[in-house]
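**Student:** Got a structure here, written out as structure tokens. Questions coming.
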Amino acid sequence: MKDKFVNYLQSIGMTKISIERVEIIQTFYKDICPDEITDIYVSEYLKEDGSREYENLWLFSKRYCMEAKLFLTKDDFDTTPIMKRIEYLKVEKQDYDFNKAIDKSRMYLNFQLDTRINGNLKASRENCDHLKSIIIKFVIPNLKE
């Protein structure tokens with residue numbers, strides 16, 4: 001797995017066992033995706049006790065997005081082309097200025113493809129900065145004109 005992926009996962013508090021699970025999933029997608037996987041994202045939120053709940057793992061290439069739903073406990077994988085297929089984009093944020101996340105920062109992304117497939121990505125704390133990067137690199141450039 002790329003060092004930048006490991007660094008990202010560690011930055012959002014994932015354990016060694018969880019990172020190993022991500023590596024297994026990333027290897028699976030690497031075998032089926034014709035493009036290089038250039039970015040990953042973990043959709044997560046904070047529970048009432050302040051701990052993180054990791055939901056879905058997203059992987060991105062130039063032409064595809066891939067999602068492993070409830071990736072820590074299930075094997076539920078999908079892939080879809082995204083190149084110029086996004087028709088709708090919605091971003092909600094709280095205590096986030098799009099520059100530097102703070103402990104209270106939260107962000108939510110919803111996008112819809114022309115196939116009516118939806119993507120929902122959640123972020124808390126420093127993960128908001130990473131979600132912003134995903135929006136800039138993969139969502140905005142793939143808005144259908």
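The values are calculated or read from the model by the stated rules, or taken from the named source; none is laboratory data. Model, not experiment: these values are computed from the prediction. Using ideal geometry, Cβ is built from the backbone for each residue, glycine included, and neighbour counts are taken over all protein chains shown.
**Student:** How about segment 85-105: which of its residues are over 30 Å from residue 115 (Cα atoms) and free of Cβ contacts under 8 Å to residues at least 24 places away in the same chain?
**Tutor:** Matches in segment 85-105: 95, 97, 99, 102, 103, 104, 105.
**Student:** Same structure, new question: Scan segment 59-71 and report the pairs whose first residue is touching a residue at least 60 places away in the same chain (Cβ under 8 Å) and whose second residue is in a strand (DSSP E or B), with Cβ atoms within less than 6 Å and a gap of 6+ or a chain change.
**Tutor:** Listed pairs, sorted by first residue: 60/39.
**Student:** Residues to consider are 37, 19, 12; find the one that is under 16 Å from residue 132 (Cα atoms) and among the hydrophobic types (A, V, I, L, M, F, W, C).
**Tutor:** Of the residues listed, the single one that is under 16 Å from residue 132 (Cα atoms) and among the hydrophobic types (A, V, I, L, M, F, W, C) is 12.
**Student:** Scan segment 114-125 and tell me whether some residue there is hydrophobic (A, V, I, L, M, F, W, C) and either farther than 25 Å from residue 49 by Cα or at pLDDT below 95 (or both).
**Tutor:** Within segment 114-125, one or more residues are hydrophobic (A, V, I, L, M, F, W, C) and either farther than 25 Å from residue 49 by Cα or at pLDDT below 95 (or both).
**Student:** Tally the residues that are crowded, with 21+ Cβ neighbours inside 10 Å and small (Gly, Ala, Ser), restricting the search to segment 120-145.
**Tutor:** Result for segment 120-145: 2.
To keep it simple, each residue is scored yes or no on (1) buried (at least 17 other Cβ atoms within 10 Å of the Cβ); (2) of a type in the set (S, T, N, Q); (3) under 23 Å from residue 80 (Cα atoms).
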site	(1), (2), (3)
25	yes, no, yes
42	yes, no, yes
53	no, no, no
58	yes, no, yes
61	yes, yes, yes
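**Student:** May I pose another question? If I filter segment 79-107 down to residues being within 19 Å of residue 44 (Cβ to Cβ) and acidic (Asp, Glu), which single residue comes out as surrounded by the most Cβ atoms within 10 Å (Cβ to Cβ)?
**Tutor:** 95
**Student:** Of all the residues that make up segment 108-119, how many are surrounded by 13 or more Cβ atoms within 10 Å (Cβ to Cβ) and not in a loop (DSSP other than H, G, I, E, B)?
**Tutor:** 7
**Student:** Another question, if that's okay. Is there a residue being in contact with a Phe, Trp or Tyr (Cβ under 7 Å, 6 or more places away or on another chain), of a type in the set (S, T, N, Q), closer than 19 Å to residue 136 by Cβ and surrounded by 12 or more Cβ atoms within 10 Å (Cβ to Cβ) anywhere in segment 1-12?
**Tutor:** For segment 1-12, residues in contact with a Phe, Trp or Tyr (Cβ under 7 Å, 6 or more places away or on another chain), of a type in the set (S, T, N, Q), closer than 19 Å to residue 136 by Cβ and surrounded by 12 or more Cβ atoms within 10 Å (Cβ to Cβ): absent.
**Student:** Considering only segment 1-18, state which residues are of a type outside the set (Lys, Arg), more than 19 Å from residue 121 (Cα to Cα) and part of a helix (DSSP H, G or I).
**Tutor:** 3, 6, 7, 17
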